[in-house]
Amino acid sequence: GESVGLHLPTLSVQEGDNSIINCAYSNSASDYFIWYKQESGKGPQFIIDIRSNMDKRQGQRVTVLLNKTVKHLSLQIAATQPGDSAVYFCAENYLHNYGQNFVFGPGTRLSVLP
Amino acid sequence: DGGITQSPKYLFRKEGQNVTLSCEQNLNHDAMYWYRQDPGQGLRLIYYSQIVNDFQKGDIAEGYSVSREKKESFPLTVTSAQKNPTAFYLCASSMGNSPLHFGNGTRLTVT
């Protein structure tokens, strides 16, 4: 499959444990944040998003937390499963003269141990 | 089902040749984007288009060209001027202030 990052930060968790993946963003004008999951050989898939007027949003087994004071975003995955193994990217979004601008973090590789 | 189609999945070219990567979407999205992905790095923006017949350079546009003649299509040409063209190329689209939807990428290898 495709290599999406040979030297990415890696998080290893035991199957069934909770995972927390962190991301720092750079632009205080960013008002929309997204987490993506990328499996080998595929494009990134949307997981969950959050607007800047919120500090927490929950989905199915996933929660995103936003701390605008320190420009920090986290993704929590409950009861991590082998299928969760992938590279996870955060993205910040802000509006500029030519429309929406999405800026991606470097990614974190999640490895689920049996 | 609606989605973004990138073709081909794998592409091989000799150095000095131009090559065009295809991206088609049937999501009726206005905006389309091209990103490059290299090992150990995040996605870097090459070009984007907010509307038909208009496009803007991204962070690493040198050596690339695009066109947006139809809403559904946003082909990317990797020219011989691109110094290091071997990479994984991702096309995406979006509508308004919504998440990007990605295709499954084209792996370009230039030898």
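A few comments on the model shown:
- Looking across the stretch A:23-50 at every residue that is aromatic (Phe, Trp, Tyr) and in contact with a Lys or Arg (Cβ under 7 Å, 6 or more places away or on another chain), the one that is farthest from A:Gln100 (Cα to Cα) is identified as A:Tyr25.
For (1) at pLDDT 95 or above; (2) within 14 Å of chain B (Cβ to nearest Cβ); (3) out of contact with any Pro (no Cβ under 8 Å at 6 or more places or on another chain); (4) outside any loop (DSSP other than H, G, I, E, B), each residue gets a yes or a no:
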site	(1), (2), (3), (4)
A:Asp17	yes, no, yes, no
A:Ile20	yes, no, yes, yes
A:Ser26	no, yes, yes, no
A:Ser30	no, yes, yes, no
A:Lys37	yes, yes, no, yes
A:Phe46	yes, yes, no, yes
A:Ile50	yes, yes, yes, yes
A:Arg57	yes, yes, yes, yes
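- Hits in the stretch B:69-99 (condition: within 13 Å of chain A (Cβ to nearest Cβ) and at pLDDT 95 or above): B:Thr86, B:Ala87, B:Phe88, B:Tyr89, B:Leu90, B:Cys91, B:Ala92, B:Ser93
- Boolean, B:Asn28 is away from chain A (no Cβ under 12 Å), over 11 Å from the mean Cα position of the chain (by Cα) and of a type in the set (S, T, N, Q): yes
- Selection status of A:Thr63, in contact with a Lys or Arg (Cβ under 9 Å, 6 or more places away or on another chain), assigned to a loop (DSSP other than H, G, I, E, B) and either on the phi > 0 side of the Ramachandran plot or away from chain B (no Cβ under 14 Å) (or both): no
- Residue that is surrounded by 13 or more Cβ atoms within 10 Å (Cβ to Cβ), assigned to a strand (DSSP E or B), touching a Lys or Arg at 6+ places or on another chain (Cβ under 7 Å) and touching a residue at least 24 places away in the same chain (Cβ under 8 Å), where the choices are B:Ser49, B:Ser93, B:Ser22: B:Ser49
- Qualifying positions in the stretch A:73-114 - away from every other protein chain (no Cβ under 14 Å), hydroxyl-bearing (Ser, Thr, Tyr), outside any loop (DSSP other than H, G, I, E, B) and under 16 Å from A:Ile47 (Cα atoms): A:Ser74
- Residue under evaluation B:Arg68, criteria (1) of a type outside the set (A, V, I, L, M, F, W, C); (2) in a loop (DSSP other than H, G, I, E, B); (3) free of Cβ contacts under 8 Å to residues at least 24 places away in the same chain; (4) surrounded by 15 or more Cβ atoms within 10 Å (Cβ to Cβ), criterion not met: (3)
- Filtered residue count, the stretch A:29-79, keeping only those that are surrounded by 14 or more Cβ atoms within 10 Å (Cβ to Cβ), of a type in the set (Gly, Ala, Ser) and under 22 Å from B:Gln37 (Cα atoms): 2
- Selected residue (only one of B:Gly63, B:Gly58 is more than 11 Å from chain A (Cβ to nearest Cβ) and either surrounded by fewer than 16 Cβ atoms within 10 Å (Cβ to Cβ) or within 12 Å of the chain's Cα centre (by Cα) (or both)): B:Gly63
The values are calculated or read from the model by the stated rules, or taken from the named source; none is laboratory data. Since this is a predicted model, take the numbers as computed values, not measurements. FYI the Cβ positions are ideal-geometry reconstructions off the backbone, even for glycines, and counts take in every protein chain you see.
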